[in-house]
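The next block holds one structure in the form of structure tokens; read it before the comments.
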Amino acid sequence: MACELKPKERAGIINPLFTCQPCGAQYASIGIKDCIGIVHGGQGCVMFVRLLFSQHFKESFEIASSSLHEDGAVFGALDRVEQAVDVLLMRYPHVKVVPIITTCSTEIIGDDVDGVIKKLNEGLLKEKYAGREVYLIPVHSPSFKGSMVSGYDSAVKDFVSYFAKKGEPNGKLNLITGWVNPGDVTALKHLLAEMQVDATVLFEIESFDSPLMPEGNTVSHGSTTIEDLTGTANALGTIALNRYEGRQAAQYLENEFDVPAIIGPTPIGIRNTDIFLQNVKKLTGRAIPPSLVWERGIAIDALTDLTHMFLADKKVAIYGNADLVIALAEFCLDLEMKPKLLLLGDDNTAYPNDPRIKALQENVDYDMEIIMNADLWELEDRIKNKGLELDLILGHSKGRFISIDHNIPMVRVGFPTYDRAGLYRHPVVGYAGAIWLAEAMANTLFTDMEYKKNKEWILNVW
């Protein structure tokens, strides 16, 4: 019996877990106030990504495209970038930050995005937009390598390295959340507020849950400001919650400005939330207040009500972003569950050296597989052809048909989730997230027990 880390054995991809680097870069860009990114590539590189965002959040987001066509793919398309910047600045007078996000096509043809930005800064911006505050930022995200996870990580580093500037200490903590939901940011800010810690949250996306007002529809956008990004160089320290979604930016601030960095763990579950609060205490000197000890006790009580009778020994498959998958697996193990299959959807060469994966390999006492560069066929094939028995699936909505076809209950976690209402409002991080996630898993199992008439008498207390 062992926990085995291995690559997908097939060359092709059948039903990918997630999409490409430009999607991650676009997700980072919509977290910044007064920012509209220009995706330098085909129009589909924006259209389908915006569709994912809109399906997940049920909101509208503004992202522009250079709308590359066949002639540009042959002869070069930097003129499309120039036109896109000009049109964008004319149509949106409030916009200050314009990342130029590359794609596979424009990286392959070798368009010099850095060069055209220099040309625009020395020409168009001085001549037509003199006196206007505009920042053009190159974000290289070729989609023939990496994934939306690495694209997000690189974009966060690009934004931070562009704006961060050393000045007077601001007494704040930098918190790089990674690819989370508005409910997660709310929960994290609550923990920091209880500790009386002032933080710069990258990215501040609570406002993605936008109101419908009498004056008309609202376009969603984040509220992280240029001043927030500039001040990251003057913070007490940086906590990047995820190893693969913010680590580059945290390490940049540490190397360039001596801002101490702590990477992870993703605060899902009691154990990892405890470590997160200890890390906040270490960087800020703030004590953990009794109010959070009380919240922790409430969470432990809620988990105790469920763990031994209902969750213990339940076999789980988990897929999605690596940091989320690993943290969910750690939480399930703490709940006495048995994660049997972890699917990581890209080929990151750092996985074999990830200390969390090594800990799983050293401590798990049953058969577990962790598949790198995985797709959803890895899950379906094991269920359909290799005898994998599961009680529960954890992952985003793209795996829903595996759940339906094989009659295995599923809890939606991760991005994108479009077949359940309002999950982006519910945190999976912190003590509140631990309660919600454990209860969601238990209630899903309860429903399955009733539907299949499988030991449903356990639920009868009369």
Test set (1) over 30 Å from GLN248 (Cβ atoms); (2) surrounded by fewer than 22 Cβ atoms within 10 Å (Cβ to Cβ) - LEU333 fails condition number: (1)
Pick from the stretch 376-401, criterion basic (Lys, Arg) and within 20 Å of PRO416 (Cβ to Cβ), ranking: surrounded by the fewest Cβ atoms within 10 Å (Cβ to Cβ): ARG400
Any helices (runs of 4 or more DSSP H) falling wholly within the stretch 62-150 and containing at least 2 residues that are touching a strand residue (DSSP E or B) at 6+ places or on another chain (Cβ under 6 Å): 78-91, 113-122
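What residue, among those in the stretch 32-54 that are part of a helix (DSSP H, G or I) and among the β-branched types (Val, Ile, Thr), is farthest from the chain's Cα centre (by Cα)?
Kept after step one, since they are part of a helix (DSSP H, G or I), are these residues of the stretch 32-54: 44-54.
So of that shortlist, the ones also among the β-branched types (Val, Ile, Thr) come out as 46, 49.
Details: VAL46: 18, VAL49: 14 Å.
So the residue we want is VAL46.
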Residue within the stretch 393-402 that is assigned to a loop (DSSP other than H, G, I, E, B) and of a type outside the set (D, E, K, R) present: yes
Qualifying residues in the stretch 349-375 (those that are in a helix (DSSP H, G or I) and in contact with a strand residue (DSSP E or B) (Cβ under 7 Å, 6 or more places away or on another chain)) - the one surrounded by the fewest Cβ atoms within 10 Å (Cβ to Cβ): PRO352
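Residues checked against (1) of a type outside the set (D, E, K, R); (2) on the phi > 0 side of the Ramachandran plot; (3) over 17 Å from the mean Cα position of the chain (by Cα):
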residue	(1), (2), (3)
ILE117	yes, no, yes
GLU122	no, no, yes
LEU125	yes, no, yes
ARG132	no, no, yes
VAL149	yes, no, no
ALA164	yes, no, yes
LYS172	no, no, yes
THR177	yes, no, no
Residues (closer than 25 Å to ILE13 by Cβ and among the aromatic types (Phe, Trp, Tyr)) located in the stretch 354-389: TRP377
Candidate set from the stretch 80-97 (those that are of a type in the set (Lys, Arg) and within 24 Å of SER223 (Cβ to Cβ)); member that is surrounded by the fewest Cβ atoms within 10 Å (Cβ to Cβ): ARG91
Residues of the stretch 425-440 that turn out to be part of a helix (DSSP H, G or I), within 21 Å of the chain's Cα centre (by Cα) and either more than 23 Å from LYS189 (Cα to Cα) or not aliphatic (A, V, I, L, M) (or both), as a count: 5
Among (1) in contact (Cβ under 8 Å) with a residue 60 or more places away in the chain; (2) outside any helix (DSSP H, G or I); (3) of a type outside the set (Lys, Arg); (4) buried (at least 18 other Cβ atoms within 10 Å of the Cβ) - the single one LEU341 does not satisfy: (1)
Search result, residues across the stretch 134-166 that are modelled with pLDDT under 95 and either charged (D, E, K, R) or farther than 15 Å from PRO22 by Cβ (or both): LYS145
Single residue of ILE108, ILE117 found to be aliphatic (A, V, I, L, M) and either closer than 30 Å to PRO416 by Cα or not assigned by TED's automatic domain parsing to the domain that holds LYS157 (or both): ILE108
Any pair with Cβ under 9 angstrom, 6 or more apart, that starts in the stretch 93-105 at a residue that is free of Cβ contacts under 8 Å to residues at least 40 places away in the same chain and ends at one that is surrounded by fewer than 24 Cβ atoms within 10 Å (Cβ to Cβ) and among the charged types (D, E, K, R): PRO93/ARG132
Residues located in the stretch 207-225, provided they are modelled with pLDDT of 90 or more and surrounded by fewer than 18 Cβ atoms within 10 Å (Cβ to Cβ): SER223
Matching strands (runs of 3 or more DSSP E) fully within the stretch 233-324 where at least 3 residues are touching a residue at least 40 places away in the same chain (Cβ under 8 Å): 237-240, 315-320
Top-ranked residue of the stretch 228-287 - restricted to ones that are more than 30 Å from LEU333 (Cα to Cα) and among the aliphatic types (A, V, I, L, M), ranked as surrounded by the fewest Cβ atoms within 10 Å (Cβ to Cβ): LEU236
Meets criteria (in contact with a Lys or Arg (Cβ under 7 Å, 6 or more places away or on another chain), of a type in the set (Val, Ile, Thr) and either free of Cβ contacts under 8 Å to residues at least 40 places away in the same chain or surrounded by fewer than 19 Cβ atoms within 10 Å (Cβ to Cβ) (or both)) for ILE108: no
Residue within the stretch 390-399 that is in the same structural domain as LYS340 (by TED's automatic domain parsing), within 25 Å of GLY146 (Cβ to Cβ) and touching a Ser or Thr at 6+ places or on another chain (Cβ under 7 Å) present: yes
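The values are calculated or read from the model by the stated rules, or taken from the named source; none is laboratory data. Since we're looking at a predicted model, the values are computed, not measured. Methodologically, a virtual Cβ is constructed for each residue, glycine included, from the backbone with ideal geometry; neighbour enumeration extends over all protein chains shown.
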